[in-house]
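I have placed the structure first, in the form of structure tokens, so that the comments after it can refer back to it.
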Amino acid sequence: IQESPKAQPSQPSSITVQGSTYQTDSKWFNVPPNVLSATSRRLHLQKDHPIYITRQIIEASFPGPTFKPYSDLSPVVTTHQNFDSLGFPPDHPGRARSDTYYINGTTLLRTHTSAHQADTFRADESDGYLISADVYRRDAIDSSHYPVFHQMEGARSWDRTKVPNGNIAAAVLKDMKAIPGHGIKVEDPNPPFHPERNPLQEAHHSAAESEAIGRHLKKSLEAMVVDVFSRAKAAAFKADPDFVDEPLQMRWVEAYFPFTSPSWELEVYYAGDWLEVLGCGVVRQDLYINAGVPNKLGWAFGIGIDRIAMLLFRIPDIRLFWSQDERFLSQFAGVSDKLDTLGRFVPFSKYPPSPRDVSFWLPRDGDFHENDFMEIVRGIGGDTVEEVKMFDSFTHPKTGRESRAYRIVYRSWDRTMTGEEANELHEKVRQTLTQKLGVELR
Ligand code: FA5
Ligand code: MG
């Protein structure tokens, strides 16, 4: 059978996720088999898995009854839940099929736990919530990015009609006293809000209210990261009393999200680089208004659980979480029931990498999305692909065509790969690129 260029992976007419069946639509469906099968793994619910343990530890910083935990919401949501309810404009790039896994035109695999914000603000009467879940994104391939990962959404609200004298700022600052302090200097050169980059929601919040909520938010999240690090340090000392750790370094960076303002991201210094661990901000008042609770206001955050787990256990590569190898899983046995037995991950010896390069001319119609390329590589190489990186690109001065060169590093975590095996995978990648993306190999 001859495959037509850019043909989609053979498409089932319906798929079943967590026991529910959904009709697919040939214009939108783009979920490859490896991603679809990951919907049943639910690592955040698998006792003693490092993602589960990390969830437990983060949840300990946001205890009940103030925060109500949820961890069993289906990954299949509507475009309304994932985007519209949060104020994403119709042309937002995150909606593109190059970035998001669609089942049909109105149904997708959630790209973030924020997809449940609007519903939870509407249904939940408590002062706060935590939502842990698997999320799905077409994205780059390297040691901290994987198409399936885990997030925890947290939100904390105050009700104007329920605080003394309706004074939100005072109530928030009073509640802030309950958050453990720390002596660590955090880089935060950002003003509490900025008229263009990070505006105060003037129609709804006073400067004092927004500032108090922002301070409560940052203090809560810093306390959580400090707690994670002190547990990681204790684990390391147990393993090696001479252990000397790098001091914890954190910094706040201004950010933009359609559903918070002002907004920030928190970065932690890890393995020689700043690693973004979460996004957060003061909730857009429209969300509360649309949820029928206009008197509430507060903050929300979304944290990458996998990234925190990497910091906690010093796990060097995000693919390891998907390993079913006993040498990996047995290292965490029993920890969920006794968090103080937490140990540090002992990496199994690294196998040699097999880097292979591929260079090609982009299609003449200019229709090339890097994530399509990433997915083909992942679809063929699976978890043996460690990293895909562009190392050269240029435009031909006469023809105007663009050429790209990528390095693909093949390396398994559980076994030695032969050079031949890498060659075979790479050859298959090269062929598939021409068939499916219409590129011309060089
Ligand atoms: C969001 O997803 C927002 N929903 C976060 C948010 C929630 C903001 C509530 C405001 C209020 P972002 O795309 O930056 O934001 O992702 C949040 C975190 O998920 C990142 O900081 C990172 O830790 C993690 N993350 C993002 N992409 C990946 C990936 N491909 N693999 C692993 N972790 C990832
Ligand atoms: Mg981000």
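All of the numbers you see were taken from the coordinates with simple rules; none came from a lab. Source: prediction; values computed, not measured. Virtual Cβ from ideal backbone geometry, glycine too; neighbours counted across all protein chains shown.
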- Query: What net charge is computed for the residues neighbouring GLU276, neighbours being all others with C-beta under 9 Å from the C-beta of GLU276, Lys and Arg scored +1, Asp and Glu -1?
  - Reply: -1
- In the neighborhood of LYS177, defined by Cβ-to-Cβ distances under 12 Å, what is the net charge if each Lys or Arg adds +1 and each Asp or Glu adds -1? +2
- Cα centroid distance between the stretch 192-246 and the stretch 297-321, in Å? 14 Å
- Task: State the Cα centre-to-centre distance between the stretch 38-114 and the stretch 115-158 in whole Å.
- Result: 4 Å
- Query: Once the Cα atoms of helix 50-60 and of the chain are each reduced to a long axis, what angle between those two axes, in degrees from 0 to 90 to the nearest 10, is obtained?
  - Reply: 10 degrees
- Taking Cα atoms only, helix 207-239 is inclined relative to the longest principal axis of the chain by an angle, in degrees rounded to 10, of 60 degrees
- Task: Rounded to the nearest Å, what's the spacing between the alpha carbon centres of the stretch 330-365 and the stretch 254-269? Just the number, please.
- Result: 27 Å
- Message: Based only on other Cβ atoms within 10 Å, what is the fewest-to-most ordering of LYS68, LYS27?
- Response: LYS27, LYS68
- Message: Just to be sure I understand: with springs between alpha-carbon atoms less than 10 Å apart, which residue in ILE179, ILE168, ILE305 has the highest mean-square fluctuation in the Gaussian network model of the chain?
- Response: ILE179
- Message: What does the net charge come to around VAL135 if you take all other residues with beta carbon closer than 14 Å to its beta carbon, with K and R at +1 and D and E at -1?
- Response: +2
- Given that compact globular proteins tend to follow 2.2 N^0.38 Å, what is the ratio of the alpha-carbon Rg of the chain to that value? 1.04
- Where does helix 419-437 land angle-wise versus the long Cα axis of the chain, in degrees 0 to 90, nearest 10? 80 degrees
- Return the single residue from MET250, MET224, MET390 with maximal mean-square fluctuation; model: Gaussian network over the chain, springs between Cα atoms under 10 Å. MET390
- Message: List the lysines whose Cα sits under 25 Å from the Cα of LYS162, skipping any in the same chain fewer than 8 residues away.
- Response: LYS68, LYS174, LYS177, LYS218, LYS219, LYS296
- Message: Could you tell me the relative contact order of the stretch 14-341? Use alpha-carbon pairs under 8 Å, at least six residues apart, and round to a whole percent.
- Response: 20 percent
